[in-house]
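The values are calculated or read from the model by the stated rules, or taken from the named source; none is laboratory data. Treat the numbers as computed from the prediction; the structure is a model and nothing was measured. Neighbour counts run over all protein chains shown; Cβ positions are idealised from the backbone, glycine included. Ligands, DNA and RNA are stripped out before the accessible areas are found, and what is left, the full protein with its side chains, is counted by its heavy atoms. Shrake-Rupley method; radii C 1.70, N 1.55, O 1.52, S 1.80 Å.
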Amino acid sequence: MSTLQVDNLSVRYGKHQVLNQLNFGPVKAGQLIGVIGRNGAGKSTLLKAMTGLVPHQGKVSLNQQPLALLGDPQRSSQLAYLPQTLPQPSTLTAYEMVYSSFRAVAANVPRTQIEASLEAVFKQLGIHHLALRRLDQLSGGQRQMVGLAQVLTRQPQLLLLDEPTSALDLHWQLNVLQTVTQTLKQRQHIGLIAIHDINLALRFCDQLMVLADGKVLAMGNSREVLTSDLLRQAYGVEARIETCSQGRPIVLCDSADMGEHAAW
Amino acid sequence: MASDVLPQHDSESTSLATKYQRSISWKLLLLSFLVLLVAGSFVFDVASGPAALSWLEVLNGLFQADAVEGAVRVIIWDVRLPQALLAVVVGACLGLAGAEMQTVLNNPLASPFTLGIGAAATLGASLVIVFQFSLFGLPSTIILPLAAFVMSALAALLILFLSRHFGAAVHTVVLFGIALLFGLNAIVGLLQFVADAEAVQQIVFWTMGSLARAGMAEVTLVAAVLLLALPFSMRQSWAMTALLSGEEQAHSMGIKVSRLRLMVLMRVSVLTAAALAFVGEIGFIGLVAPHIARLLLGEDHRFFLPGSALAGALLLSLSSIASKMLIPGVLIPVGIITALVGIPLFIALIIKRGRTL
């Protein structure tokens, strides 16, 4: 059972304060948190800071243990981060890439255990047939699926995904988010996903965190937190939250505000 | 997109692990085949030369030295064998150095030669030749490779610094390398201008690249550097393979990417300096060998690194044979052969990369 707590997390790039005293948590085990907001709101930076990729202030604790106090091997065994950039094309096969990243993190795990984990994840994601194909022969979307297999295989307690569906079509967007939510629930791990598609976030995330100018504008149950006012404030759009025939909330955007909220 | 990710069920009956293990067996077989090719080329290199010895004489000379005439023994053991061995170990050093460099700089056009590290080694050697530096009374046979190493390490660090601060795009790094290459060549030219005739001759020997002055002591030294470097390279093979996922991914896996880069570039400098210290500038082996290995074995660095070393050994060994056979009776400096073969391949690589840049 994992728990996540973030206290006073701040990141500054030069003079620009990207994240400003961010607080949230405790996030309960099995939950997927959707991080939404405009471009430049700080979504990717939040995930990078939690991974330890950018210098930051504040504390990120997993199971009451500050991640900053862990050594690199320990931290990388507990959290996995999927960057927004796709795995680059190379002559490695998809299987080799996922296998080598597992090996790089966990040198002492028996080979059979790694192979079983890879087999399961490739099947679960429906990309078993891509496993022995070279990355330079795969499309962008296929490589994104391989990147996802790379982080899921490691079974991290904290899964940080930056736009994991950006290169995928509708079918694979749903496939990925279903797999991620099922995995988190089964293993009782925690996930944070930076995502632009609000309706996907509404459907699959347990909670939504709305970021604007490096601060948490709102955070709460994904079925309740969004309002037209909040969307106007966060995105500068006129939007309605309707209920679909299956009783789920959906966001319908009417127009973009060309006034004060238009600028980045 | 949906169509190109749709599964093909025909290949799902065998587990992925089994297929993966099969591919590993295949790669091991290919590596063994490369070893055989290198061995074959080595024997042919020993057998070829202006003295026109028969195969029987060569084999007798190698395995029953007492059974052949003294002149034949001298030709085989003191001339051909050191040269042939040096071609193998120098080629392996350059192939390995090129492969590691291409990985950590994420650049298929990187190599000790194209990025000016070879030229830096030449500058280090030229400085020692012209100014006769001495250090703690060490002989010039040690000072010269040491100077070559220091200069090549500085060049590697400069490339690393420039590519990190001004962008590590393929063309940026190569352009930095070309600038460095021209700059260093200009300084070497200046040194030649002020040097005496003997020093100029020695510098020219360096820049042409030749296996002709090899002795078993030099072979042993270069082989020792290679054998010391290879285990360190292999130890970092998982990390280097994982680095192909991208820098951020590698960081999140706990790989200290900056440290890895620094260690690899230091190793590249040692390998390059050791390889070039006794043969002078030999270009393109470090560039082309990794591409051959990549084509045959892919980029799992457990196979890619030894494959690049073997491909380098094979290329230089074949070049050594060609240097003796192109013009009968004349030993062409091997650096000229590698440049003649390497330049068209380099251009082909640039054209191929240009389509994907």
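Looking across the stretch B:46-64 at every residue that is outside any helix (DSSP H, G or I) and either in contact with a strand residue (DSSP E or B) (Cβ under 7 Å, 6 or more places away or on another chain) or open to solvent by 70 Å² or more (accessible area, probe 1.4 Å) (or both), the one that is farthest from B:Leu318 (Cα to Cα) is identified as B:Gln64.
The set of residues in the stretch B:44-59 that are modelled with pLDDT under 85 and either of a type in the set (A, V, I, L, M) or farther than 25 Å from B:Glu218 by Cα (or both) comprises B:Ala51, B:Ala52, B:Leu53, B:Ser54, B:Trp55, B:Leu56, B:Glu57, B:Val58, B:Leu59.
Restricting attention to the stretch B:215-225, does a residue exist that is surrounded by 24 or more Cβ atoms within 10 Å (Cβ to Cβ), among the hydrophobic types (A, V, I, L, M, F, W, C) and within 13 Å of the chain's Cα centre (by Cα)? Yes; the residues of the stretch B:215-225 include at least one that is surrounded by 24 or more Cβ atoms within 10 Å (Cβ to Cβ), among the hydrophobic types (A, V, I, L, M, F, W, C) and within 13 Å of the chain's Cα centre (by Cα). For A:Leu62, indicate whether it is open to solvent by less than 60 Å² (accessible area, probe 1.4 Å), more than 30 Å from A:Leu230 (Cβ to Cβ) and touching a helix residue (DSSP H, G or I) at 6+ places or on another chain (Cβ under 7 Å). Taking the combined requirement at face value, the residue does not satisfy it.
Is one or more of the residues making up the stretch B:250-260 open to solvent by less than 50 Å² (accessible area, probe 1.4 Å) and not hydrophobic (A, V, I, L, M, F, W, C)?
Among the residues of the stretch B:250-260, at least one is open to solvent by less than 50 Å² (accessible area, probe 1.4 Å) and not hydrophobic (A, V, I, L, M, F, W, C), which makes the answer yes.
Looking at the stretch A:162-264, the strands (runs of 3 or more DSSP E) lying wholly inside it that each contain 3 or more residues that are of a type in the set (A, V, I, L, M, F, W, C), open to solvent by less than 70 Å² (accessible area, probe 1.4 Å) and within 23 Å of A:Leu19 (Cα to Cα) sit at A:190-194, A:207-212, A:215-221.
Being open to solvent by less than 40 Å² (accessible area, probe 1.4 Å), among the basic types (Lys, Arg) and in contact (Cβ under 8 Å) with a residue 24 or more places away in the chain: is that true of A:Arg154 here? It is true that A:Arg154 is open to solvent by less than 40 Å² (accessible area, probe 1.4 Å), among the basic types (Lys, Arg) and in contact (Cβ under 8 Å) with a residue 24 or more places away in the chain. Please go through (1) within 9 Å of another protein chain (Cβ to nearest Cβ); (2) farther than 17 Å from B:Met253 by Cα; (3) buried (at least 20 other Cβ atoms within 10 Å of the Cβ); (4) of a type outside the set (Gly, Ala, Ser) for A:Glu119 and return the number of the only condition it doesn't satisfy. Looking at each condition in turn, A:Glu119 falls short on (3). Number of residues in the stretch A:46-93 that are facing chain B (nearest Cβ under 8 Å) and of a type in the set (Lys, Arg) equals 2. For B:Glu281, the test of being away from every other protein chain (no Cβ under 12 Å) and open to solvent by 10 Å² or more (accessible area, probe 1.4 Å) is passed.
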